[in-house]
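For reference, the structure is listed below as C-alpha coordinates.
The values are calculated or read from the model by the stated rules, or taken from the named source; none is laboratory data. Bear in mind that the values here come from a model prediction, so they are computed numbers and not experimental data. Heads up, the Cβs are rebuilt from the backbone with ideal geometry, glycines too, and the neighbour counts pull from every protein chain shown. Ligands, DNA and RNA are stripped out before the accessible areas are found, and what is left, the full protein with its side chains, is counted by its heavy atoms. Shrake-Rupley method; radii C 1.70, N 1.55, O 1.52, S 1.80 Å.
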Amino acid sequence: MDSAGYGENSLKEMKDMLWLTRVPETLAEAKRLVKETTQAEMVELEPGYFGKEVKSEYGGVAQRWLVVFSQAASERELKALEKAQIREQEAAEKQWRKVCQPVFN
(Lines give C-alpha, C1' and ligand atoms only; values in the text may rest on other atoms or scores of the structure.)
Protein backbone atom coordinates (compact mmCIF):
# COMPACT_ATOMS: atom_id res chain seq x y z
CA MET A 1 0.00 0.00 0.00
CA ASP A 2 1.09 3.60 -0.31
CA SER A 3 2.00 5.85 2.60
CA ALA A 4 -1.57 7.22 2.83
CA GLY A 5 -2.61 3.88 4.35
CA TYR A 6 0.01 4.09 7.07
CA GLY A 7 -1.87 5.06 10.23
CA GLU A 8 -2.52 3.69 13.69
CA ASN A 9 -5.96 2.31 12.84
CA SER A 10 -4.77 0.63 9.63
CA LEU A 11 -1.80 -0.91 11.39
CA LYS A 12 -3.95 -2.34 14.16
CA GLU A 13 -6.28 -3.93 11.59
CA MET A 14 -3.32 -5.47 9.73
CA LYS A 15 -1.60 -6.65 12.91
CA ASP A 16 -1.75 -10.33 11.91
CA MET A 17 -0.70 -9.80 8.27
CA LEU A 18 2.56 -9.23 6.49
CA TRP A 19 2.58 -5.88 4.71
CA LEU A 20 4.94 -3.43 3.06
CA THR A 21 4.52 0.33 2.77
CA ARG A 22 6.42 3.56 2.60
CA VAL A 23 6.40 5.37 5.95
CA PRO A 24 5.38 9.00 5.50
CA GLU A 25 8.09 11.48 6.43
CA THR A 26 5.48 13.50 8.30
CA LEU A 27 5.99 11.18 11.29
CA ALA A 28 8.39 12.63 13.87
CA GLU A 29 10.34 9.37 14.16
CA ALA A 30 10.75 9.11 10.38
CA LYS A 31 11.94 12.72 10.18
CA ARG A 32 14.44 12.09 12.98
CA LEU A 33 15.79 8.92 11.35
CA VAL A 34 16.23 10.57 7.96
CA LYS A 35 17.99 13.53 9.57
CA GLU A 36 20.26 11.57 11.92
CA THR A 37 21.18 8.49 9.87
CA THR A 38 24.43 8.96 7.98
CA GLN A 39 25.55 7.13 4.87
CA ALA A 40 28.50 5.73 6.87
CA GLU A 41 26.03 3.80 9.08
CA MET A 42 24.36 2.20 6.06
CA VAL A 43 25.21 -0.83 3.94
CA GLU A 44 25.29 -0.72 0.16
CA LEU A 45 22.13 -2.32 -1.22
CA GLU A 46 22.98 -1.74 -4.89
CA PRO A 47 25.31 0.69 -6.63
CA GLY A 48 24.17 4.19 -5.58
CA TYR A 49 21.72 2.95 -2.91
CA PHE A 50 22.45 2.51 0.78
CA GLY A 51 20.17 1.35 3.58
CA LYS A 52 19.90 0.72 7.29
CA GLU A 53 17.32 -1.47 9.03
CA VAL A 54 15.71 0.06 12.12
CA LYS A 55 13.28 -1.52 14.56
CA SER A 56 10.30 0.65 15.41
CA GLU A 57 6.93 0.48 17.11
CA TYR A 58 4.13 2.68 15.87
CA GLY A 59 0.44 2.31 16.61
CA GLY A 60 1.25 -0.51 19.02
CA VAL A 61 2.66 -2.66 16.19
CA ALA A 62 6.32 -3.75 16.10
CA GLN A 63 7.88 -2.97 12.71
CA ARG A 64 11.11 -3.07 10.74
CA TRP A 65 11.88 0.08 8.79
CA LEU A 66 14.49 0.47 6.07
CA VAL A 67 16.02 3.93 5.83
CA VAL A 68 17.27 4.31 2.24
CA PHE A 69 19.73 6.80 0.79
CA SER A 70 19.88 7.28 -2.98
CA GLN A 71 22.96 8.97 -4.42
CA ALA A 72 21.06 10.05 -7.55
CA ALA A 73 18.21 11.58 -5.52
CA SER A 74 20.71 13.39 -3.32
CA GLU A 75 22.44 14.88 -6.37
CA ARG A 76 19.08 16.00 -7.83
CA GLU A 77 18.20 17.64 -4.53
CA LEU A 78 21.54 19.48 -4.41
CA LYS A 79 21.07 20.78 -7.97
CA ALA A 80 17.57 22.04 -7.11
CA LEU A 81 18.94 23.71 -3.97
CA GLU A 82 21.72 25.40 -5.95
CA LYS A 83 19.20 26.71 -8.51
CA ALA A 84 16.98 28.06 -5.71
CA GLN A 85 19.99 29.78 -4.09
CA ILE A 86 20.97 31.38 -7.40
CA ARG A 87 17.41 32.66 -7.94
CA GLU A 88 17.29 34.02 -4.39
CA GLN A 89 20.66 35.76 -4.79
CA GLU A 90 19.62 37.30 -8.11
CA ALA A 91 16.39 38.60 -6.54
CA ALA A 92 18.35 40.07 -3.60
CA GLU A 93 20.83 41.74 -5.96
CA LYS A 94 17.96 43.20 -8.00
CA GLN A 95 16.41 44.64 -4.83
CA TRP A 96 19.80 46.01 -3.76
CA ARG A 97 20.28 47.77 -7.11
CA LYS A 98 16.79 49.26 -6.73
CA VAL A 99 17.59 50.53 -3.23
CA CYS A 100 20.90 52.02 -4.38
CA GLN A 101 19.34 54.11 -7.15
CA PRO A 102 19.34 57.86 -6.46
CA VAL A 103 16.04 59.34 -5.34
CA PHE A 104 14.83 62.41 -7.26
CA ASN A 105 12.30 64.85 -5.84
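Annotations for the structure displayed:
- W96, W65, ranked by accessible area, largest first (probe 1.4 Å): W96, W65
- The dipole here belongs to the chain: it is taken about the Cα centre, uses +1 on the Cβ of Lys and Arg and -1 on the Cβ of Asp and Glu, and is about 480 debye.
- Per residue, the chain exposes 85 Å² of accessible surface when a 1.4 Å probe is rolled over the protein heavy atoms with every protein chain present.
- Note on M17: accessible area approximately 110 square angstrom, rounded to 10, probe 1.4 Å, nucleic acids and ligands left out.
- The chain: calculated mean residue ellipticity at 222 nm from DSSP helix runs of at least 4, using -39500 (n - 2.57): -14000 deg cm²/dmol
- Within the accessible area of the chain, the carbon and sulfur atoms contribute 53%, probe 1.4 Å, all protein chains present.
- For Cα Rg over 2.2 N^0.38 Å, computed directly from the structure shown, the correct entry in [x] 1.38; [y] 1.70; [z] 1.06 is [y].
- Taking the longest Cα principal axis of the chain as reference, the axis of helix 71-100 is set at about 30 degrees.
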